[in-house]
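Here is the structure we will look at, set down as structure tokens.
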Amino acid sequence: MKTKTVIIIGGGAAGLMAAGQAAIGGSRVILLEKMKQPGRKICISGKGRCNITNSAVTEDFIEHFGKNGRFLRQAFSRFFAPELLLFFEKHGLQISLERGGRYFPTSGKASDILKVFLAWLSTLDVDIRKDTPVTNILVENDTIKGVVTKHGTLLCDAVIVATGGASYPATGSTGDGYTLLKTLGHTIVPIRPALVPLEIRNGIHPDLAGLELRNIAVQLFIDGKKKRELFGELHFLKYGVSGPTILTLSGDAVDGLRDGKHVALHIDLKAALDMQKLDARLIRDFEKRYNEDFQTVLRGLLPAQLVPLCLEQTAITATRMAGDISKKERKKLLHWLKGLRMEVSGYRSFKEAIVTAGGVDLKEVDPRTMESKIVSGLYLAGEVLDLQGNTGGYNLQAAFSTGWLAGTSI
């Protein structure tokens, strides 16, 4: 029986997993990587620590991908977080569970994930060819025939496109796969940055840059209507905001801005207290510290960096004695603490986006195999698909699962 030749385009999480599974199935596997080394995005993910997956159960996991998440049900039923953890355990890499259900290499080194894959593929005789970008995929009678690279043409029986998205282009994710697949007749849902910092109109108050807030609630409003609310962390940057809550809300914010809608954030700085309880606390603080000035009392309520902004936006004089603060002024402070408002004017580029929203239309891919419904022998895996999840290990698990399924299906 003739051995199949399988070409994998892209040496990221999906491509590496797909290459190994195709080789285990008995295929001759050639992995083509455009950069000088594969797995560059793996090595910078999770701030260099690589959050590989999450402990969430399947249904919750799928919900983190929005309406397109159900496409992953087949892949997750075959290869999911428990299987991924077992894979790394079998290859001698310890994995630790951290807060938020996130799994990381115990070593804290993302590069250890890549080392496992490269050692594994070496034992399976996978032919990894670096510095080999693909310029065209050859198709005859709607069936895969081969690929064209800058070094020449390679014939094959199947191709897995695992080129990633367009985020972090310095790692090689420059959207090449979308161009290749569009040429073959696939529909590309417009791509845009996702899990990306947001820009605030007129920038951030200079005192706030670098401040990180925890245990706050962030509401996203689009055209005056509340879209979503999240509890957690927020980070102030010179131009705007980031952090887990903002990155998760950014998908809806980006879509709203692209549609020309008004996008705003309301930040509840005292999310643990409702309006009534917070007002009672303010009354107690002002009564107890009636001989202290307003700005001193504020330092007991807020991080020091937030005090100047509060003084500016509430228009209460810093040197006013706490005992002289009127009920009207106290209510003004109360509403500011429970709803600091910021207008979103834009979002950062693909260079700062963790993932790419948009990609190949899922209606054109068989979720049971990851094979294209348009070209026989063509498979797709990872971020090139119109799938994007929240932060927390969800996107990497999707890449590993779809890569595993594509490689195994071949």
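The values are calculated or read from the model by the stated rules, or taken from the named source; none is laboratory data. These numbers were taken from a predicted model, which means no experiment stands behind them. Virtual Cβ from ideal backbone geometry, glycine too; neighbours counted across all protein chains shown.
Of all residues in the stretch 121-142 being in contact with a Leu (Cβ under 9 Å, 6 or more places away or on another chain) and of a type in the set (S, T, N, Q), which is nearest to Arg28 (Cα to Cα)? Here the residue is Thr132.
For the stretch 137-158, the condition holds for at least one residue, the condition being that it is in contact with a helix residue (DSSP H, G or I) (Cβ under 7 Å, 6 or more places away or on another chain) and either among the small types (Gly, Ala, Ser) or in the same structural domain as Met35 (by TED's automatic domain parsing) (or both). Against the conditions (1) β-branched (Val, Ile, Thr); (2) more than 25 Å from Cys310 (Cα to Cα); (3) under 19 Å from the mean Cα position of the chain (by Cα), where does Ile246 fall short? Just the number, please. Among (1) β-branched (Val, Ile, Thr); (2) more than 25 Å from Cys310 (Cα to Cα); (3) under 19 Å from the mean Cα position of the chain (by Cα), the lone unmet condition for Ile246 is (2). Of all residues in the stretch 140-157, those that are in contact (Cβ under 8 Å) with a residue 24 or more places away in the chain have Cβ atoms under 6 Å from Cβ atoms of residues that are buried (at least 18 other Cβ atoms within 10 Å of the Cβ) and not in a strand (DSSP E or B), 6 or more apart or on another chain, in Asp142/Val375; Thr143/Gly377; Ile144/Gly377; Gly146/Cys156; Thr149/Thr132. Restricting the stretch 384-398 to residues that are more than 12 Å from Phe65 (Cβ to Cβ) and assigned to a helix (DSSP H, G or I), the residue that is nearest to the chain's Cα centre (by Cα) is Leu396.
Pick from Ser345, Ser401: which is part of a helix (DSSP H, G or I), in contact (Cβ under 8 Å) with a residue 24 or more places away in the chain and of a type in the set (Gly, Ala, Ser)? None of the other options fit; the residue is Ser401. Picking from residues in the stretch 271-308 that are part of a loop (DSSP other than H, G, I, E, B) and of a type in the set (A, V, I, L, M, F, W, C), the one that is surrounded by the fewest Cβ atoms within 10 Å (Cβ to Cβ) is Ala272.
Of all residues in the stretch 167-224 being among the acidic types (Asp, Glu) and at pLDDT below 95, which is farthest from Gly39 (Cα to Cα)? In this case the residue turns out to be Asp207.
With respect to Thr5, is the statement that it is over 17 Å from Gly164 (Cα atoms) and either in contact with a Cys (Cβ under 9 Å, 6 or more places away or on another chain) or surrounded by 24 or more Cβ atoms within 10 Å (Cβ to Cβ) (or both) true? Full working, then the answer.
Numbers: over 17 Å from Gly164 (Cα atoms): yes; either in contact with a Cys (Cβ under 9 Å, 6 or more places away or on another chain) or surrounded by 24 or more Cβ atoms within 10 Å (Cβ to Cβ) (or both): yes.
Yes.
In the list Phe117, Phe104, Phe76, Phe71, which residue meets the criterion of being in a strand (DSSP E or B) and buried (at least 19 other Cβ atoms within 10 Å of the Cβ)? Being in a strand (DSSP E or B) and buried (at least 19 other Cβ atoms within 10 Å of the Cβ) holds for just one of Phe117, Phe104, Phe76, Phe71, which is Phe104.
Restricting attention to the stretch 16-31, does a residue exist that is modelled with pLDDT of 95 or more, assigned by TED's automatic domain parsing to the domain that holds Trp404 and either within 30 Å of Arg99 (Cβ to Cβ) or under 18 Å from the mean Cα position of the chain (by Cα) (or both)?
First pass over the stretch 16-31, keeping only residues modelled with pLDDT of 95 or more: 16-31.
So of that shortlist, the ones also assigned by TED's automatic domain parsing to the domain that holds Trp404 come out as 16-31.
Next cut, either within 30 Å of Arg99 (Cβ to Cβ) or under 18 Å from the mean Cα position of the chain (by Cα) (or both) only: 16-17.
Scanning the stretch 16-31, I find at least one residue that is modelled with pLDDT of 95 or more, assigned by TED's automatic domain parsing to the domain that holds Trp404 and either within 30 Å of Arg99 (Cβ to Cβ) or under 18 Å from the mean Cα position of the chain (by Cα) (or both), so the answer is yes.
If the condition is being surrounded by 18 or more Cβ atoms within 10 Å (Cβ to Cβ), of a type in the set (Val, Ile, Thr) and either within 26 Å of Thr143 (Cβ to Cβ) or modelled with pLDDT under 95 (or both), then the stretch 356-388 contributes Val360, Val365, Val375, Val384. What residue, among those in the stretch 252-270 that are of a type in the set (Gly, Ala, Ser) and surrounded by fewer than 23 Cβ atoms within 10 Å (Cβ to Cβ), is farthest from Val218 (Cα to Cα)? It comes out as Gly260.
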